[in-house]
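Undergrad: Below is a structure I'd like to ask you about.
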Amino acid sequence: MKISVIGTGYVGLVTGTCLAEKGNSVTCIDIDQNKITKLKNGKLTIYEPGLEPIFVRNTNEKRLRFTNDYKSGLAGSTLIILALPTPPDQNGSADLSYVLKAAKKISQYLTEYTVIVNKSTVPVGTSKKIYDQISKNTSVEFDVVSNPEFLREGLAVQDFMKPDRIVIGGCSERALAVMRELYEPFVRQGTPIIEMDAISAELTKYAANSFLATKISFINDIANLCERVGANVDNVRLGIGADERIGKRFLFPGVGYGGSCFPKDVKALIKTSTEYNRPLTILKEVEHINNKQKKILPKKVLKYFGGDISGKLFAVWGLAFKPDTDDMREAPSLEIIKRLTKLGASIVAYDPEAMDYTNKLLSGEDVNISFATNQYNALENADALLIVTDWSVFQNPDFKKMKKLLKKPIIFDGRNIYELDKMQTENFHYESIGRPVVN
């Protein structure tokens with residue numbers, strides 16, 4: 001099948017590469033010439049485990065191509081996939097300008113029946129807006145299908161190649177037949193293809209992400225209560241997670257959720273519910289809890305040091321919003337670093353992948369931060385260590401070496417990656433989320 005993918009961010013690049021891996025001929029289109037040049041030269045523009053080998057293989061075998069020219073990129077395609085950003089506006093609604101501009105471009109180059117597949121996360125009714133935008137400018141037959149993605153950064157290739165479900169929203173049997181053919185190689189083990197109307201498919205994406213965000217905010221709120229009453233959230237988490245109606249996943253307390261999906265999708269669904277006069281008050285509280293949670297670690301640090309951290313040096317392990325990605329969008333580390341430095345502290349940070357991105361984001365801001373070449377260099381003469389992202393490389397460190405490098409053995413762990421007994425044995429002052437303090 002000949003496929004065009006518009007947009008080469010996380011979703012577009014993973015989608016295009018994985019579809020090429022199944023033998024399709026894929027052309028990825030992006031208006032960012034710098035990004036296209038890098039991709040043509042064999043350089044990935046994102047960090048995603050498992051992507052590079054199949055990217056190299058499919059570009060070498062000419063199944064995966066890149067261009068910024070719509071006309072050549074769309075020529076002869078059976079499917080055109082939209083994988084474009086939909087960032088939040090100031091009022092929280094999703095900005096559809098990238099999607100609708102692409103739809104207008106598509107309309108100029110349709111020559112035969114084509115299925116337009118929207119993978120961008122969009123509010124209900126967007127499929128109709130795409131259809132209306134294209135139909136204004138062409139008489140060629142086409143259909144628009146909603147096909148939301150459920151990719152986790154850090155596991156995106158695995159999620160695409162072995163999905164737990166595929167959601168397709170549309171009313172045209174002709175289009176649905178094309179979509180079934182597209183996904184047939186991915187569902188041979190019995191993965192369900194769930195067909196529905198486009199509006200339901202669009203809402204499914206927002207509802208899924210908002211529900212997961214709700215689980216995170218719920219366990220964070222419970223963790224904060226645990227600290228007040230003297231309970232251990234690890235025990236509570238295990239106790240409720242064993243109930244199959246609740247499940248174990250997304251019940252890990254921390255410094256709040258971030259990334260490109262949960263924050264903006266919660267905002268967008270709140271906005272949609274308000275527009276339709278059915279406000280989702282539970283999601284407003286989810287968002288409120290998450291914003292408060294990003295302030296938890298700085299509060300613990302400030303309390304320990306008696307309310308004054310001016311002149312203190314803190315090591316920070318982890319910057320990306322989650323491990324196995326370089327994505328800094330809505331990362332809790334940014335809030336934590338800004339709050340600490342505003343109070344007069346300085347930061348030495350280390351992250352396996354996200355330091356360059358962080359440096360660009362914070363350049364020009366009044367933030368006293370430097371970056372270490374490895375996790376241990378960050379500790380040298382630091383007053384304490386803050387763990388913000390649970391990269392696997394941080395999970396079994398050399399504690400004796402850490403104690404020698406730090407001024408005092410003090411850890412504020414925003415991801416609960418160490419056992420309390422271990423911290424007691426190693427003689428650290430250790431504060432985590434929702435668990436007893438180790439002195």
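Undergrad: Taking Arg278 and the conditions (1) among the charged types (D, E, K, R); (2) at pLDDT 95 or above; (3) within 23 Å of the chain's Cα centre (by Cα), which numbered condition does it fall short on, given that it satisfies the others?
TA: (3)
Undergrad: Quick check on my filter: what residues within segment 168-180 are among the hydrophobic types (A, V, I, L, M, F, W, C) and either part of a helix (DSSP H, G or I) or in contact with a helix residue (DSSP H, G or I) (Cβ under 6 Å, 6 or more places away or on another chain) (or both)?
TA: Listed by number, the residues that qualify are Ile168, Ala175, Leu176, Ala177, Val178, Met179.
Undergrad: Scan (1) farther than 18 Å from Gln293 by Cβ; (2) part of a helix (DSSP H, G or I); (3) in the same structural domain as Lys264 (by TED's automatic domain parsing) for the single condition Asp243 breaks and write down its number.
TA: Only one criterion is unmet by Asp243, namely (2).
Undergrad: How many residues does segment 39-61 hold that are out of contact with any Asp or Glu (no Cβ under 9 Å at 6 or more places or on another chain), over 21 Å from Asp324 (Cβ atoms) and surrounded by 14 or more Cβ atoms within 10 Å (Cβ to Cβ)?
TA: Residues flagged as out of contact with any Asp or Glu (no Cβ under 9 Å at 6 or more places or on another chain), over 21 Å from Asp324 (Cβ atoms) and surrounded by 14 or more Cβ atoms within 10 Å (Cβ to Cβ) within segment 39-61 amount to 1.
Undergrad: What are the pairs with Cβ atoms under 7 angstrom where one residue, in segment 378-407, is touching a residue at least 12 places away in the same chain (Cβ under 8 Å) and within 24 Å of Phe252 (Cβ to Cβ) and the other, located anywhere, is of a type in the set (Phe, Trp, Tyr) and assigned to a helix (DSSP H, G or I)? Sequence gap at least six, or different chains.
TA: Ile387/Phe394
Undergrad: Can you say whether Tyr430 is buried (at least 16 other Cβ atoms within 10 Å of the Cβ), touching a helix residue (DSSP H, G or I) at 6+ places or on another chain (Cβ under 8 Å) and without any contact (Cβ under 8 Å) to a residue 24 or more places away in the chain, as far as the supplied structure shows?
TA: Yes, satisfied.
Undergrad: For a quick check of your reading: which helices (runs of 4 or more DSSP H) sit entirely within segment 84-167 and have at least 2 residues that are over 30 Å from Trp391 (Cα atoms) and not assigned by TED's automatic domain parsing to the domain that holds Glu275?
TA: Hits in segment 84-167: 97-109, 126-135.
Undergrad: Looking at the structure I just gave you, is Thr27 surrounded by 22 or more Cβ atoms within 10 Å (Cβ to Cβ), of a type outside the set (Gly, Ala, Ser), under 17 Å from Ser120 (Cα atoms) and outside the structural domain of Ala320 (by TED's automatic domain parsing)?
TA: no
Undergrad: Identify all residues within segment 383-419 that are of a type in the set (A, V, I, L, M, F, W, C) and out of contact with any Gly (no Cβ under 9 Å at 6 or more places or on another chain); write none if there are none.
TA: If the condition is that a residue be of a type in the set (A, V, I, L, M, F, W, C) and out of contact with any Gly (no Cβ under 9 Å at 6 or more places or on another chain), then Ala384, Leu385, Val393, Phe399, Met402, Leu405, Leu406, Ile410, Ile411, Phe412, Ile417 are the ones that fit.
Undergrad: In segment 233-249, what residues are in contact with a helix residue (DSSP H, G or I) (Cβ under 7 Å, 6 or more places away or on another chain) and either among the charged types (D, E, K, R) or buried (at least 16 other Cβ atoms within 10 Å of the Cβ) (or both)?
TA: Within segment 233-249, Val233, Val236, Arg237, Lys248 qualify.
Undergrad: Right, here's the next one. Somewhere in segment 74-82, is a residue in a helix (DSSP H, G or I) and either without any contact (Cβ under 8 Å) to a residue 24 or more places away in the chain or within 16 Å of Asp143 (Cα to Cα) (or both)?
TA: yes
Undergrad: Looking at segment 43-54, can you tell me whether even one residue there is closer than 27 Å to Met161 by Cβ, modelled with pLDDT of 95 or more, touching a Lys or Arg at 6+ places or on another chain (Cβ under 8 Å) and in a helix (DSSP H, G or I)?
TA: no
Undergrad: Here is a further query. Quick one: Phe150 ticks every box in (1) touching a residue at least 40 places away in the same chain (Cβ under 8 Å); (2) crowded, with 18+ Cβ neighbours inside 10 Å except a single one, so which number is it?
TA: Against the list (1) touching a residue at least 40 places away in the same chain (Cβ under 8 Å); (2) crowded, with 18+ Cβ neighbours inside 10 Å, Phe150 comes up short only on (2).
Undergrad: If you don't mind, another one. Just one of the numbered conditions (1) modelled with pLDDT under 95; (2) surrounded by fewer than 18 Cβ atoms within 10 Å (Cβ to Cβ) is not true of Gly306; which one?
TA: Unmet condition: (1).
The values are calculated or read from the model by the stated rules, or taken from the named source; none is laboratory data. Since the model is a prediction, treat every value here as computed from it, not as a measurement. Glycine also receives a Cβ, built like all others from the backbone with ideal geometry; neighbour counts cover every protein chain displayed.
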